[in-house]
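Visitor: Below you'll find the structure I mean.
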Amino acid sequence: MPDDGAENRTSSLLRTLLLCDLVESTALVERLGDREAAELIRKHDRLARTLADRHGGREIDKTDGFMMMFERPVQAVAFALDYQRGLRQLNAAENTSLSARVGIHVGDVVVWDNSSDDIARGAKPVEVEGLVKPVTSRLMNLALPGQILLSNIAYDLAHRAQGELGDFLATTRWRTHGRYRFRGVPDPVAVFEVGEEGLAPLKAPPWSSKAHREVPFWRRPATVVIETVVLVALIVVPAVMFLKPDPAIAFAKRDWVVVGSLHNLTSESLFDDALESALRIGLEQSHFVNVLPDLKVRDTIKRMQRDPDTTEIDRKVGSEVAIRDGARALILPTIAEIGGRVRITAEVIDPQTQTTVYSETADGIGKESILPSLDTINERLRVRLGEALATVSNESKPLEEVATKDLDALKAYSLGVQKASRGQFAEGLALLEQALKVDPQFASASIRVAIVNYSTGHIVEARNAFTQALENRSRLSARDTLYAESFLATMAQSSDALGKWQVLVDTYPDYFIATGGFAYISWIEANRFDANTISLALSAASTKNPTPIPSRHVLAILYLGNERYKEAAQVLKEAEADGLKFTHYLAATEAAQRRFDEAEKTLARMPAIPMAENPAAGSARTILEVAFLLDQGRIADATSALAGASGQFADASNFRNQFDVMGLSIRSVLELSDTASTTAAIESAIEQTKTLRATAAPTELMVLDARQSLLAYLAARTAQPALAKKALATMGDEGHPVHTTAYKLRSIAEAEIARKSGQPQQAIKQLEKLLDGSELYITHAALEDAYTQDGERDSDALKESEWLSAHRGRAYAEAGAEKLLSPLNVLLSDLSLLSGAELAIKNKNPERAASMLGKFIEVWPENSRAPPFAARVKKIQDSLAPVKSR
């Protein structure tokens, strides 16, 4: 309870306020009577409070409705949608007709706790004040029954995070209703609506004495006497038409536009595709305006049951596409030849009304005037849509620089992008290379060539194309420059690679190639499973992304790595229904929950990929199958599978080396061979890896050094510190970026050398430095060993065992260095149950020991009765026997 000085503790916070109010509650009481109405209101209040808890809301005040505070607008929107749906269900159950209006706004609020004395006199426990409060109230009062209204800032933040709405996302619709003037609020407020289709009004609320919509004065009701109508028509109307401002369109930063089909009124077919691409390239330089990708437009047209190859994106079709995909405006370009001049016009269409909000026109003489004219139109459009003129001028390049002066090259580029985006990679690449033949310095075409090559597994060609693009960086937009630099930095294993990706997504947060790419790189290269990486994947999995499946795949893996199994499985099943063929991570999600029968059935749906045909894809499946076998205690089958996979490749080949090192890690940790044999095998593998490294390409060094570091760890663990140091010495002085698997594994190996040299505290210090959430799974196994050897930190060692057994999703989700550690991780997750039971005995925690031992026997029933585990199991059981007899 607040103390007497609590009222002095005020804080200013940025929060989301929500006000909901029952419509005609007084009439309800009159109709039902006090007792029945009170009971119904109690049920309503329980519903609202339950939903507030579900969505992270805090009740601030209560009258006929509620005032609630949320940390984020998307939480308030989720509550409001759930609340309106809940009211509908309550009405059906109680045979009533309750309805509510809701307002949501974001802003600074002053929050304080009232003192105990004030609360005893009837005050609320918490007070909230600030301008956000009356604006929220005005929005709520403006709303129609069943309607949810938001301010511009609330809409902006909630709409951006709409992927978090879960089950509501498929039926949620967003609408803009223009700017309203509220009594007592100095500035106009852009009003938006969110609601479920079929439940919400999804129409503009009416004016009232406290709120009216901003409209040009010539559209307001006439207030002049009838005798002046003729005079107004003759004098005022022409002046109005001359002076009237552009009709408003509620466009906010990072809103989306649809670019329609070019209306070509000339006889020159060359313009058809080239000008649309040029318009897109110009608009895509903006940080303010997002252009809906052409492939996404095609997908939407298919959903409209039309043929995307023959359907023209005209006013009607384009408006429907914009409404379906949540775009704020449609832009229709036209080119015509008038009086010997080439005229280009771009109309901005309001999709809701299909009316032209405004248009921009630029004239020139001859073909050479077309791109400068488009530059002029792009600049004017961006300013009209709300972007600052200084930003447009300073951060954009002319189309002749960022694209090409040659319209033939531009047309080939446009067709190449279209082909590649539809999966026709060979045709697309040929057209893009044709564009480069016409204009060898067409850097944007080089970028697209790089993307196509990377997508088809031609990594060297991709790197060369990115390099070629950057050699002509004066011909690249700022966005494409950042993208190429980020990709090349990643390929070069540069220490600033992640920083470059971060700058790119911060600058262009709706550039899905960037957000999805950064999420993937963060997972595969940096082992990041944090909220920021999940947010990147969620953003790239947007419904506006024409190719969201790769990002949804990464999102599910991130969920798996956080043991969010239900969410991971749901995303992967939806992706599989939409065409994802590789089901191995869905199988891993099931295996992490020890549902092995389901996992094997899921894996069987994945297309069989012969190892000889595609070693990378084939090895990924084999590695997962080995992990499944280990997880079920089928150790002999697992080691046999690894040996079989190794035997499919020639001696001293990269993939053979990979499988050999994996097999060694299993045999070493389980002590399946005598020390001399294990040491000899490790030494042989070190020499093989060293030989491969001598002829490796720069992009392969990090993976080979990760293997060498794992071998060093295994050598140290086998009490061969000199051999471990020899393995590390083969890597030379090259330092890998601190986020990489190679760097982290080397640190773990060095710590293990210190531990085995009798310096557990030094090992602990080195390992604890790695604990930032992106540490490798094996770090915790190494820490468990170091804490145990220290002798004073058995409780910390037990915590590490418990972490390993609890984070099985992470064991399966880690994929650095070509999934080098996956089988070992899964093995350690099972062994931690046994070592945890031993540590629990040392910590005098028999209940925990019994629990962990029981789980180990359950998951490895046969192994628990056989060497080398049977003796350890019996020792723990003997220790527990006196406890059970008490």
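The values are calculated or read from the model by the stated rules, or taken from the named source; none is laboratory data. These numbers come from a predicted model, not from an experiment. Using ideal geometry, Cβ is built from the backbone for each residue, glycine included, and neighbour counts are taken over all protein chains shown. These accessible areas exclude ligands, DNA and RNA; they are computed on the full protein's heavy atoms, side chains included. Shrake-Rupley method; radii C 1.70, N 1.55, O 1.52, S 1.80 Å.
Visitor: I'm told V29 meets every condition in (1) part of a helix (DSSP H, G or I); (2) within 18 Å of L149 (Cβ to Cβ) except one. Can you identify the failing condition by its number?
Guide: (2)
Visitor: Something else: Looking only at the range 354-377, which residues are within 38 Å of the chain's Cα centre (by Cα) and farther than 19 Å from S261 by Cα?
Guide: P372, T376
Visitor: Looking at L169, L131, L142 in this structure, which one is hydrophobic (A, V, I, L, M, F, W, C), within 18 Å of P201 (Cα to Cα) and open to solvent by 40 Å² or more (accessible area, probe 1.4 Å)?
Guide: L169
Visitor: Still on this structure, please answer the following. Please work out if A568 is in contact (Cβ under 8 Å) with a residue 12 or more places away in the chain and over 16 Å from the mean Cα position of the chain (by Cα).
Guide: So A568 fails the test.
Visitor: Evaluate the range 108-123: report whether one residue or more is open to solvent by 40 Å² or more (accessible area, probe 1.4 Å), within 36 Å of the chain's Cα centre (by Cα), over 26 Å from P186 (Cβ atoms) and charged (D, E, K, R).
Guide: Looking through the range 108-123, none of the residues is open to solvent by 40 Å² or more (accessible area, probe 1.4 Å), within 36 Å of the chain's Cα centre (by Cα), over 26 Å from P186 (Cβ atoms) and charged (D, E, K, R).
Visitor: Condition (residue is crowded, with 21+ Cβ neighbours inside 10 Å, part of a helix (DSSP H, G or I) and among the hydroxyl-bearing types (S, T, Y)) applied to the range 694-703: is it met by at least one residue?
Guide: No, every residue in the range 694-703 fails to be crowded, with 21+ Cβ neighbours inside 10 Å, part of a helix (DSSP H, G or I) and among the hydroxyl-bearing types (S, T, Y).
Visitor: Kindly indicate which of R810, R848, R865 is out of contact with any strand residue (DSSP E or B) (no Cβ under 8 Å at 6 or more places or on another chain) and over 30 Å from A568 (Cα atoms).
Guide: Of the residues listed, the single one that is out of contact with any strand residue (DSSP E or B) (no Cβ under 8 Å at 6 or more places or on another chain) and over 30 Å from A568 (Cα atoms) is R865.
Visitor: Grab the helices (runs of 4 or more DSSP H) fully contained in the range 594-652, keeping just those with 2 or more residues being in contact (Cβ under 8 Å) with a residue 60 or more places away in the chain.
Guide: The qualifying helices (runs of 4 or more DSSP H) are 615-631, 635-646.
Visitor: In the range 690-741, what count of residues is obtained for those that are acidic (D, E) and modelled with pLDDT of 90 or more?
Guide: 1
Visitor: Counting residues that are in contact with a helix residue (DSSP H, G or I) (Cβ under 9 Å, 6 or more places away or on another chain), of a type in the set (F, W, Y) and at pLDDT below 90, which helices (runs of 4 or more DSSP H) fully inside the range 465-578 reach at least 1?
Guide: By residue number, 478-491, 512-524.
Visitor: Let me ask something additional. Restrict the check to the range 794-811 and report whether at least one residue is closer than 29 Å to A588 by Cα, modelled with pLDDT under 95 and among the acidic types (D, E).
Guide: No: the range 794-811 contains no residue that is closer than 29 Å to A588 by Cα, modelled with pLDDT under 95 and among the acidic types (D, E).
Visitor: Here is a list of conditions, (1) open to solvent by 60 Å² or more (accessible area, probe 1.4 Å); (2) in contact with a helix residue (DSSP H, G or I) (Cβ under 8 Å, 6 or more places away or on another chain); (3) more than 21 Å from G166 (Cα to Cα), and R72 meets all of them except one; can you say which number that is?
Guide: Condition not satisfied by R72: (3).
Visitor: Name every residue in the range 237-267 that is modelled with pLDDT under 75 and open to solvent by 60 Å² or more (accessible area, probe 1.4 Å), in order of residue number.
Guide: Matches in the range 237-267: V237, P238, M241, F242, L243, K244, P245, D246, A248, K253, S267.
Visitor: Taking the condition of being more than 20 Å from E784 (Cα to Cα) and part of a helix (DSSP H, G or I), how many residues in the range 848-867 meet it?
Guide: 7
Visitor: Tell me, yes or no, whether the range 298-316 has at least one residue that is touching a residue at least 24 places away in the same chain (Cβ under 8 Å), in a strand (DSSP E or B) and of a type outside the set (A, V, I, L, M, F, W, C).
Guide: The answer is no; no qualifying residue exists.
Visitor: Listed residues R9, R15; which is modelled with pLDDT under 80, surrounded by 11 or more Cβ atoms within 10 Å (Cβ to Cβ), basic (K, R) and within 43 Å of the chain's Cα centre (by Cα)?
Guide: Answer to the check: R9.
Visitor: Looking only at residues in the range 793-833 that are in a loop (DSSP other than H, G, I, E, B) and open to solvent by 20 Å² or more (accessible area, probe 1.4 Å), which one is nearest to L783 (Cα to Cα)?
Guide: Once the filter is applied, the top-ranked residue is R793.
Visitor: Something else now. Go through (1) part of a loop (DSSP other than H, G, I, E, B); (2) in contact (Cβ under 8 Å) with a residue 12 or more places away in the chain; (3) surrounded by fewer than 18 Cβ atoms within 10 Å (Cβ to Cβ) for L157 and report which single condition fails.
Guide: Looking at each condition in turn, L157 falls short on (1).
Visitor: Any residue in the range 164-175 that's touching a residue at least 60 places away in the same chain (Cβ under 8 Å) and of a type in the set (A, V, I, L, M): show its pairings with residues that are crowded, with 16+ Cβ neighbours inside 10 Å and assigned to a strand (DSSP E or B) at Cβ separation under 8 Å, as long as the two are six or more apart or on different chains.
Guide: What qualifies is L165/T172.
Visitor: Somewhere in the range 284-303, is a residue open to solvent by 60 Å² or more (accessible area, probe 1.4 Å) and basic (K, R)?
Guide: Within the range 284-303, one or more residues are open to solvent by 60 Å² or more (accessible area, probe 1.4 Å) and basic (K, R).
Visitor: If we scan the range 332-352, do we find a residue that is out of contact with any strand residue (DSSP E or B) (no Cβ under 8 Å at 6 or more places or on another chain) and at pLDDT 80 or above?
Guide: No, that holds for no residue.
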